[in-house]
Amino acid sequence: MTALGRRAGTAAAVLSLTLAATLAGCGSEDEGTAASGGATRQPRAGASPSASESSGPSGSSAADGDASRSPSPGGSAEAEKKTRGTPKGGVPKPGDVDGKDADEVAEGALTAMWTHDTTVDDGPGDAARRTADAGWLTRSYARQLGGRRGGSAPGAQWQRWADHRAYTTVALDRTEDAAKPEDTDTVAWRQLTVTTTPHGRDGWTREPASVVAYVHLVRKSADAFWRVADVTVR
């Protein structure tokens, strides 16, 4: 096994831990370190606020509503929520990309996982669950992320976003290691930098925050579609 292969295995373990912790609401918010992105490191997931001082990736947006209005800090964000719909700017779906292209599948899945919109999402974990429901992931990984429907309430960071009725934009850059294992017919690895920026519908914004995501993709045969089996962040 190559050095990257071993590191990828370790990354996969780290990812399971990070994303799982986030979705379960086990993280913590640090206003000091939130400077890069205005949010705590969501499973070190960039500019994603944590739930209950932590929570998994989340993001789903609905109608934009009146951009001049923002919920009061007292928690009236819930009252402002519209019927669930598509996050502002849209979220890619598996049918939008070439399912036999590992690059396109990895990029689509990461974009979906880091897309948040407080006008329709209850907390940071909703984006990961939405990604699982959309069909980007293997069945086992989808169960891992989609199964955590409960969890802690969103924390202060998410509430701040909600006060501005914020949503995120996502930018991806390929940052692959020269030691990355070669793709096989059924296994591929991709490494991308995910940069997330929150934008309030009232004009508020924060500096972008970035993380490196390691994506493990698998498929049953060379003619099958790729699915994401794991995502690790650092």
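Here are the numbers for the structure shown:
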| item | result |
| --- | --- |
| Where only C-alpha atoms are counted, convex hull volume of the range 80-137 per residue in Å³ | 73 |
| Solvent-accessible area, 1.4 Å probe, carbon plus sulfur percent, for the range 109-234 | 49 |
| Placed amide H near Asp230: partners under 5 Å, 5+ positions off or other chain | His216 |
| Extension reserve of the Ala171-Thr205 stretch, reckoned as 0.36 nm per residue once the Cα distance is removed | 10.7 nm |
| Rg over Rh, two decimals, the range 128-187 (C-alpha only, Kirkwood Rh) | 1.11 |
| Taking N as its residue count, the alpha carbon Rg of the range 109-228 over 2.2 N^0.38 Å | 1.20 |
| FRET efficiency estimate (nearest 0.05) - Cβ-Cβ, Thr86 to Ala178, R0 45 angstrom | 0.70 |
| Mean Cβ neighbour count within 10 Å, used as a protection proxy, ranking 154-163, 207-216, 135-144, 175-184 highest first | 154-163, 207-216, 135-144, 175-184 |
| Potential extension, Asp133-Arg234 segment - 0.36 nm per residue separation minus Cα distance | 33.9 nm |
| Calculated FRET value between Ala224 and Ser140, using beta carbons and R₀ = 22 Å, to 0.05 | 0.85 |
| Charge context of Phe225, other residues only, Cβ under 10 angstrom, K/R +1, D/E -1 | +1 |
| FRET E, pair Ala156, Lys100, Förster distance 45 Å, beta-carbon r, rounded to 0.05 | 0.55 |
| Unsatisfied cross-links (Cα-Cα over 24 Å) in the set Lys93/Lys180; Lys100/Lys180; Lys88/Lys180 | Lys93/Lys180; Lys88/Lys180 |
| Given charges at Cβ of Lys, Arg, Asp, Glu: the range 151-234 dipole, positive-most of Val228, Ala153, Val170 | Ala153 |
| Cα extents of the range 188-234 along the three principal axes, largest first (Å) | 48, 22, 11 |
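The values are calculated or read from the model by the stated rules, or taken from the named source; none is laboratory data. A quick note: this is a predicted structure, and the numbers were derived from the prediction, not measured. When we count neighbours, we look across all protein chains shown, and the Cβ atoms used for this are built from the backbone with ideal geometry, even at glycine. The accessibility values were calculated without ligands, DNA or RNA, using every heavy atom of the protein model including side chains. Shrake-Rupley method; radii C 1.70, N 1.55, O 1.52, S 1.80 Å.
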